[in-house]
1. Would you check which residues across the stretch 99-144 are at positive phi and either crowded, with 24+ Cβ neighbours inside 10 Å or within 14 Å of the chain's Cα centre (by Cα) (or both) and list them?
2. Give the residues of the stretch 272-290 that are open to solvent by 30 Å² or more (accessible area, probe 1.4 Å), in contact (Cβ under 8 Å) with a residue 12 or more places away in the chain and at negative phi, sorted by residue number.
3. Would you mind stating whether Gly222 is within 26 Å of Thr323 (Cα to Cα) and either within 20 Å of the chain's Cα centre (by Cα) or crowded, with 18+ Cβ neighbours inside 10 Å (or both)?
4. For the stretch 170-192, name all the residues that are more than 21 Å from the chain's Cα centre (by Cα) and open to solvent by 20 Å² or more (accessible area, probe 1.4 Å).
5. Pick from the stretch 145-169 the residues that are in a strand (DSSP E or B) and free of Cβ contacts under 8 Å to residues at least 60 places away in the same chain: which of them is least open to solvent (accessible area, probe 1.4 Å)?
6. Of the residues in the stretch 173-226, how many are without any contact (Cβ under 8 Å) to a residue 24 or more places away in the chain, under 11 Å from Met158 (Cβ atoms) and aliphatic (A, V, I, L, M)?
7. Looking only at the stretch 171-198, which residues are charged (D, E, K, R) and over 17 Å from Met213 (Cβ atoms)?
Amino acid sequence: MSFNSFGHLFRVTTWGESHGPALGATVDGCPPNIPLNAEMLQVWLDKRKPGQNKYTTQRREADQVEILSGVFEGKTTGTPIQLMIRNTDQRSKDYGDILDKFRPGHADITYWQKYGIRDHRGGGRSSARETAARVAAGGVARAVLDVLAPHVRILGYMVQMGDKRIDRARCDLTEIENNPFWTPDAQAAVDWAAYLDSLRKSGNSVGAIVEVMASGVPAGLGAPVYAKLDTDISSAMMSINAVKGVEIGAGMAAAVLTGEENADEISMGPDGPVYSSNHAGGILGGISTGQDLICRFAVKPTSSILKPRKTITKSGEETEIVTKGRHDPCVGIRAVPVGEAMMACVILDHMLLHRGQIGENQGQIR
């Protein structure tokens with residue numbers, strides 16, 4: 001299986017399976033002399049780890065990250081950073097019934113069709129467990145951004161669960177850390193809790209929409225054609241397990257706007273250009289404007305559910321399947337820190353590319 005890496009200069013390769021002894025990431029292209037230790041990365045992994053409340057899978061993983069290389073005396077050396085997270089709470093026997101069956105909505109069938117072999121224990125590489133490695137790598141990216149661009153802030157939050165949306169008028173970003181859904185709408189969190197409880201107890205699941213905002217990103221990141229900033233953000237988010245749609249700024253809603261409504265008018269402020277709105281999501285022509293980067297991605301419902309579903313076996317026999325084991329009733333909850341990590345990796349990658357080719361922005365507006 002190839003294509004396990006992403007990024008240009010800041011390049012991340014993830015490895016490992018859901019029920020293997022460990023998983024992790026190799027981070028290449030990290031600048032030297034950046035303060036880094038395992039505790040700095042653990043903060044982000046603790047946001048993602050399973051079993052923290054009844055709304056996520058009850059698999060109990062400490063998700064303790066180990067740094068095996070690339071750091072000396074508390075600072076990065078500029079050489080590849082090897083990160084490892086040991087799996088400690090696998091229950092492979094829970095997956096014995098799907099050894100020869102394909103879970104509808106899951107990658108079981110396509111993995112088998114492509115490779116002729118698959119790890120049925122939790123899905124192997126197709127499991128959302130792989131995203132722990134991304135979060136660890138994203139922690140490295142954040143550590144570099146803290147030094148190179150300390151003004152950059154990245155924040156993810158859920159804006160929709162199933163057909164239940166937040167009320168933007170009630171949004172308070174300080175509420176995000178106060179509920180298990182990482183949502184800025186306190187009332188939505190109450191409503192979602194009752195809704196997800198009902199789904200969880202019935203053995204069902206539901207999808208979600210996550211929004212990731214990056215503020216303090218300078219103008220000029222990205223390139224006009226094949227290395228557009230929004231192209232790489234979209235690709236990074238779409239690569240997350242279970243993501244089925246990505247949009248930047250107004251996204252799909254831009255199709256119903258007129259040109260007059262969609263254009264973000266520009267005026268001159270004391271520190272440079274000021275925009276009247278942000279339908280563009282902070283990116284024009286593939287290049288950052290200096291506004292907040294706004295990205296949303298849709299996560300499908302967890303495919304492993306306790307409801308009987310029709311399927312087939314490897315030999316083509318029609319049958320039914322009920323998936324046992326421990327699964328997220330809404331995988332969108334734990335996708336929030338994953339989206340933040342991917343945004344951090346992309347922003348840092350483009351900062352390094354910009355620094356290498358341009359240095360300081362060439363077009364100054366005074």
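The values are calculated or read from the model by the stated rules, or taken from the named source; none is laboratory data. Computed from a prediction, not measured in an experiment: that's the story for all the values here. In this analysis, Cβ positions are derived from the backbone assuming ideal geometry, glycine residues included, and neighbour counts consider all displayed protein chains. Note: areas computed on protein heavy atoms with side chains; ligands, DNA, RNA excluded. Shrake-Rupley method; radii C 1.70, N 1.55, O 1.52, S 1.80 Å.
1. Just the residues of the stretch 99-144 that are at positive phi, to begin with: 105, 116, 122-124.
Of everything in the stretch 99-144, those that are at positive phi and either crowded, with 24+ Cβ neighbours inside 10 Å or within 14 Å of the chain's Cα centre (by Cα) (or both) turn out to be Gly122, Gly123.
2. Of the residues in the stretch 272-290, the ones open to solvent by 30 Å² or more (accessible area, probe 1.4 Å) are 273-279, 284-285, 287, 290.
Next cut, in contact (Cβ under 8 Å) with a residue 12 or more places away in the chain only: 273, 275-279, 285, 287, 290.
Correct list: Pro273, Tyr275, Ser276, Ser277, Asn278, His279, Ile287.
3. Values: within 26 Å of Thr323 (Cα to Cα): no; either within 20 Å of the chain's Cα centre (by Cα) or crowded, with 18+ Cβ neighbours inside 10 Å (or both): yes.
No.
4. Arg170, Cys171, Asp172, Ala186, Gln187, Val190, Asp191
5. Going residue by residue through the stretch 145-169, those that are in a strand (DSSP E or B) are 153-161, 164-165.
From what's left, free of Cβ contacts under 8 Å to residues at least 60 places away in the same chain: 160, 164-165.
Numbers: Gln160: 28, Lys164: 74, Arg165: 163 Å².
Across the stretch 145-169, the extreme among qualifying residues is Gln160.
6. Total meeting the criteria: 2.
7. Our first condition is that a residue be charged (D, E, K, R); within the stretch 171-198, this holds for 172, 175, 177, 185, 191, 197.
Correct list: Asp191, Asp197.
Conditions tested, residue by residue: (1) among the basic types (Lys, Arg); (2) open to solvent by less than 60 Å² (accessible area, probe 1.4 Å); (3) at pLDDT 90 or above.
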| position | (1), (2), (3) |
| --- | --- |
| Ala25 | no, yes, yes |
| Ile34 | no, yes, yes |
| Pro50 | no, yes, no |
| Lys54 | yes, no, no |
| Glu61 | no, yes, no |
| Ser69 | no, yes, yes |
| Thr76 | no, yes, yes |
| Thr79 | no, no, yes |
